[in-house]
Amino acid sequence: MKKVSVITVNYNNADGLKRTLESLFAQTFTDYESIVIDGGSTDGSREIIENFADRITYWVSEPDGGIYHAMK
């Protein structure tokens, strides 16, 4: 079975990001990788990502060209 990639894109939605990651990490299915792409948020999102960093496979927080750029 192939691993599932869960990609979360975020920009200045710290509360939503925290709820999303908490929900993901509460699942019983564990054969996945978690990828977080943050557009350089200034609302504390980076700190939330860093708090969950041990369970995130890959993350980046840097300015981008918008949601479509983040999903590329």
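Each reported figure results from applying straightforward, stated rules to the coordinates on display, with no laboratory input. Keep in mind the model is a prediction, meaning the values are calculated, not measured. Reconstructed Cβ throughout: ideal geometry from the backbone, glycine too, with neighbour counts over all protein chains shown.
See the values below:
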quantity	calculated
The chain: radius of gyration and largest Cα-Cα distance (Dmax), Å	11.9, 38
In segment 1-71, the trypsin sites (Lys or Arg not before Pro) that fall in loop regions by DSSP, at most 12 other Cβ within 10 Å	LYS2, LYS3
Charge sum, other residues only, whose C-beta stays under 15 Å from TRP59's C-beta, Lys/Arg counted +1 and Asp/Glu -1	-4
For segment 42-59, 3J(HN,Hα) per residue [Karplus equation, 6.51 cos²θ - 1.76 cosθ + 1.60, θ = phi - 60°, Hz, x = Gly/Pro]	10, 10, x, 4, 4, 5, 5, 4, 4, 5, 9, 4, 5, 10, 9, 5, 8, 8
Candidates THR30, THR57, THR20: whichever shows maximal mean-square fluctuation once the chain is modelled as a Gaussian network with Cα springs under 10 Å	THR30
